[in-house]
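The structure under discussion appears below in the form of structure tokens.
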Amino acid sequence: MAESARRGVPEATVGRLPGYLRVLTEVDECGRTLISSDELAQLAGVRSAQVRKDLSALGSYGVRGVGYDITRLSDQIAAELGLSNDHPLVIVGMGNLGRALASYSGLATRGFRVVALVDNDPAVVGTDVHGLTVRSFDTFDPQRTPVAVGVIATPLAAAQSVADKLVELGVHSILNFAPAVLRVPAGVHVRAVDLATELAILAFHAHQQRLAQVREDVG
């Protein structure tokens, strides 16, 4: 269970905090210093009452008629999420997705530092990807290169064995892009990103909208 959840911050709230932080960062870059809960809610795509409830769980309360101090709230959310800490990260799988993740500058701005890239293809091992040399798990030394977070960007068939290896290396946080349900020991936290499922949900909503339009046209 996440540290925030153990301290009483609901898991659902934790899931919304990154969205709030993204909005606050964008507004801050525009030179703003204050934001109301209504505006934060609108930009984050949630209800204003939900924003106030979520932020109160962090002990943050806006000033009536004034709103929230953007810098202070951003720092508080970042600290709650642990983004002010350094999180060394390894990406496993140097296909198109893995390479795209390795080049994503947004990782560094959130405290995630890519320290290693791993692949099992001999043609890929030893090549340079965005300034890092791709290595195999056989040459990976967790003592010399400590890792806190592992990202699995491999095909389905390799996902479980990669997860097992990450656990052996002492990784307790895994982001899984492979369409697989991973079996991991207690204490290892896995977040799954299933692009096919998300696209299927979008397709469902698009289909419902078309049906609604047809019913409206017929009626």
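Give the residue from Gly126, Gln42, Met94 lying farthest towards the positive end of the charge dipole for the chain; charges sit on Cβ (+1 for Lys and Arg, -1 for Asp and Glu) and the dipole is referred to the Cα centre.
Gln42
Using the Cα centre as the reference, give the magnitude of the dipole from point charges on the C-beta atoms of the range 115-201 (Lys, Arg: +1; Asp, Glu: -1; all else neutral), rounded to the nearest 20 debye.
Numbers: 5 positive and 9 negative charges, 43 e Å.
That gives a dipole near 200 debye.
Take the Cα atoms of the range 87-219, find their three principal axes, and give me the spread along each one in whole Å, biggest first.
Computed over the Cα atoms, the extents are 69, 34, 30 Å.
Rounded, prolate or oblate, given the Cα gyration tensor of the range 42-121, with a/c below 1.5 counting as rounded?
The shape class here is prolate.
Just the number, please: carbon plus sulfur as a percent of the accessible area of the chain, 1.4 Å probe, no ligands or DNA/RNA counted. Walk me through the intermediate numbers first.
Numbers: 7140 of 13060 Å².
In the chain, the share of accessible area belonging to carbon and sulfur is 55 percent.
For the chain, what is the calculated [θ] at 222 nm in deg cm²/dmol (nearest 500), taking -39500 (n - 2.57) for each run of four or more DSSP H residues and dividing by its residue count?
Helix-only estimate at 222 nm: -14000 deg cm²/dmol.
Nearest 10 degrees is fine. How inclined is helix 195-218 to the longest principal axis of the chain, computing both from alpha carbons?
Rounded to the nearest ten degrees, it is 40.
Name the residue from Ser136, Gly170, His207 whose Cα lies farthest towards the positive end of the charge dipole of the chain, charges +1 on Cβ of Lys and Arg and -1 on Cβ of Asp and Glu.
About the Cα centre, the residue reaching furthest to the positive side is His207.
From zero outward in steps of 10 Å, how is the percent of C-alpha pairs of the range 126-168 spread across the bins?
22, 56, 22
Could you provide, to the nearest whole Å², the per residue accessible area of the chain with probe 1.4 Å?
Here the residues of the chain average 60 Å² of exposed surface.
Which chymotrypsin sites (Phe, Trp or Tyr not before Pro) in the range 85-172 pass both tests, a DSSP loop state and at most 15 other beta-carbon atoms within 10 Å? Provide the component values of the computation, followed by the final result.
Values: sites: Tyr104, Phe112, Phe137, Phe140; in loops: Tyr104, Phe140.
Counting only loop positions with at most 15 other Cβ atoms within 10 Å, the chymotrypsin sites (Phe, Trp or Tyr not before Pro) in the range 85-172 are Tyr104.
In whole percent, what relative contact order does the chain give with Cα contacts below 8 Å and a gap of six or more residues?
It comes to 13 percent, rounded to a whole number.
Considering only DSSP states other than H, G, I, E and B, which trypsin sites (Lys or Arg not before Pro) in the range 167-219 qualify as loop sites with at most 13 other Cβ atoms within 10 Å?
Counting only loop positions with at most 13 other Cβ atoms within 10 Å, the trypsin sites (Lys or Arg not before Pro) in the range 167-219 are Arg183.
Per residue of the range 186-193, what does 6.51 cos²θ - 1.76 cosθ + 1.60 with θ = phi - 60° give for ³J(HN,Hα)? Whole Hz please, x for Gly and Pro, Karplus curve as stated.
With the stated coefficients, the range 186-193 comes to 4, x, 9, 9, 10, 10, 9, 10 Hz.
On a C-alpha basis, how far is the centre of the range 15-74 from the centre of the range 148-192 in Å? Whole number, if you could?
33 Å
If only Cα atoms are counted, what is the Rg of the range 1-101, and what is its Dmax, in Å?
Here Rg and the maximum Cα pair distance are 15.4, 51 Å.
The values are calculated or read from the model by the stated rules, or taken from the named source; none is laboratory data. What you see is a predicted model, and the numbers here were worked out from it, not measured in a lab. Cβ coordinates were reconstructed from backbone atoms using ideal geometry, including for glycine residues, and neighbour counts include every protein chain displayed. Ligands, DNA and RNA are excluded from the accessible area calculation, which covers all protein heavy atoms including side chains. Shrake-Rupley method; radii C 1.70, N 1.55, O 1.52, S 1.80 Å.
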